[in-house]
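Down below is the structure, laid out as structure tokens.
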Amino acid sequence: MADLGIGIVGLHNHYHAYPFADYLRRGMDGLRLVGVADERTDLAKEFAAAYCDGSWTSDYGELIRRDDVDAVIITSYTSAHADHVEMAAEAGKPVLLDKPIATTMADARRIAAAGERVKVMMAYLLRYLPVYRQAQEAVRAGAVGDLTSGFYSIRFPVGAITDSPHTSEQGWYADPVRGGGGGFLDHGVHFTDFFRWFFGAEAVDVSARIGSLTYKDLGVEDYGIATYTLDSGAIVTVESTWHAADYFGPLSSPDHASLSGTRGEIELHYQKSPQTEIQGIDAPWTGRRYIDLVGEERYEACYRDLLLAFRDWVGGAEPDGLPTAEDGLKALEMILAAYEADRTGTRVTFPFQEGVR
């Protein structure tokens, strides 16, 4: 079988575009990177020279329609996602789509509709972190009984959020139109997906507080916290921020989760050691168990494993927990409902109908 030719659509979320490209450049069975598109010509040329033999264009449609592009990775700014996914669907090209799926429910539904025509996979990194996958296997094996509550938090500095690798400006990330939101949306959509994945449950209602605590002139929020009731009866909280003083400012891991179950607890800190602690009260999980991976398996492997899962799904494999456009829509719905809960000072119920008061 010939390699799947990949085109990268947009370098706006460079935090994901470059690691994907690096794995493809190093060589992955069945995959090859053949071109990139970005309207910032200097950036596109530089990227193409490093990763895809100088093949670039500023015309997104031109890249998507190329005969040697069999599938696309879309890492453009968020409000462009729906247009780019629809271009891919028209060309019959499967999509690996960056988060968030969109800035509005209307655009998310456009993408979900396109997902009926071509395969659309969401690039939710947390689902492919090796240590998180091991922790989820432990949950499924009954290590902590039934999950009853969870808290996921990140304290991230806005200075680490930039429009491209060569600037210190936030650019589109701080644009409420192109980005759709700030610190709460940016990482929070990872965490709403995480809870749907780990708990196997959907949100029933949400209450939230969102605002600008440190960077008051940013143009978008730097802080948000939302508490959801799930249809399993569990209660989970998402805290997502851009208001840390510096990347290493937080005293604990910038990114961490705590999960409680009827028979034990799990702590997840994939940026610290140990990365995971599992404590149960039933054999064989009695006492404390630690997971701490080394090398690229600590983090970078999530990009590799996302690409492999995408390759296999396009090739006809069963999805088996793979996040689809519908998962992207659900994760965004939870975030947008939290914004509404904060705006109205009320508890918002699901399904959430954006624009309906």
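Details
- Residues within segment 313-344 that are among the small types (Gly, Ala, Ser) and more than 18 Å from Thr237 (Cβ to Cβ), tallied: 6
- Candidates Tyr51, Tyr152, Tyr60, filtered to the one that is among the hydroxyl-bearing types (Ser, Thr, Tyr) and farther than 23 Å from Phe310 by Cα: Tyr152
- Residues that are of a type outside the set (Asp, Glu) and within 14 Å of Ile111 (Cα to Cα), drawn from segment 326-340: Gly328, Leu329, Lys330, Ala331, Leu332
- If you go through segment 310-357 and keep only what is more than 20 Å from Leu230 (Cβ to Cβ), part of a helix (DSSP H, G or I) and open to solvent by 20 Å² or more (accessible area, probe 1.4 Å), you end up with Arg311, Asp312, Trp313, Val314, Arg343, Thr344.
- Candidates Ala108, Ala112, filtered to the one that is in a helix (DSSP H, G or I), open to solvent by less than 10 Å² (accessible area, probe 1.4 Å), farther than 30 Å from Ile278 by Cα and in contact (Cβ under 8 Å) with a residue 60 or more places away in the chain: Ala108
- Scanning segment 206-225 for residues that are free of Cβ contacts under 8 Å to residues at least 60 places away in the same chain and in a loop (DSSP other than H, G, I, E, B) turns up Ser212, Leu213, Thr214, Tyr215, Lys216, Asp217, Gly219, Val220, Glu221.
- A count restricted to segment 39-61 and to residues that are within 26 Å of Trp313 (Cβ to Cβ) and not aromatic (Phe, Trp, Tyr) stands at 3.
- Positions within segment 11-63 being polar (S, T, N, Q) and either open to solvent by less than 40 Å² (accessible area, probe 1.4 Å) or closer than 14 Å to Asp163 by Cα (or both), in sequence order: Asn13, Ser55, Thr57
- Of all residues in segment 278-306, those that are in contact (Cβ under 8 Å) with a residue 12 or more places away in the chain and part of a loop (DSSP other than H, G, I, E, B) total 7.
- Looking only at segment 186-205, and only at residues there that are assigned to a strand (DSSP E or B) and out of contact with any Lys or Arg (no Cβ under 7 Å at 6 or more places or on another chain), the one that is surrounded by the most Cβ atoms within 10 Å (Cβ to Cβ): Ala203
- Members of segment 216-265 that are open to solvent by 70 Å² or more (accessible area, probe 1.4 Å), in contact with a strand residue (DSSP E or B) (Cβ under 9 Å, 6 or more places away or on another chain) and within 23 Å of Ala341 (Cβ to Cβ): Asp231, Ser232, Ile235
- Whichever residue in segment 141-183 is within 27 Å of Arg40 (Cα to Cα) and acidic (Asp, Glu) and, among such residues, is surrounded by the most Cβ atoms within 10 Å (Cβ to Cβ): Asp163
The values are calculated or read from the model by the stated rules, or taken from the named source; none is laboratory data. Just so you know, these numbers come straight off a predicted model, no measurement behind them. Quick reminder, even Gly has a Cβ in these numbers, built from the backbone with ideal geometry, and neighbours come from all protein chains shown. SASA here: full protein model, heavy atoms, side chains in, ligands and nucleic acids out. Shrake-Rupley method; radii C 1.70, N 1.55, O 1.52, S 1.80 Å.
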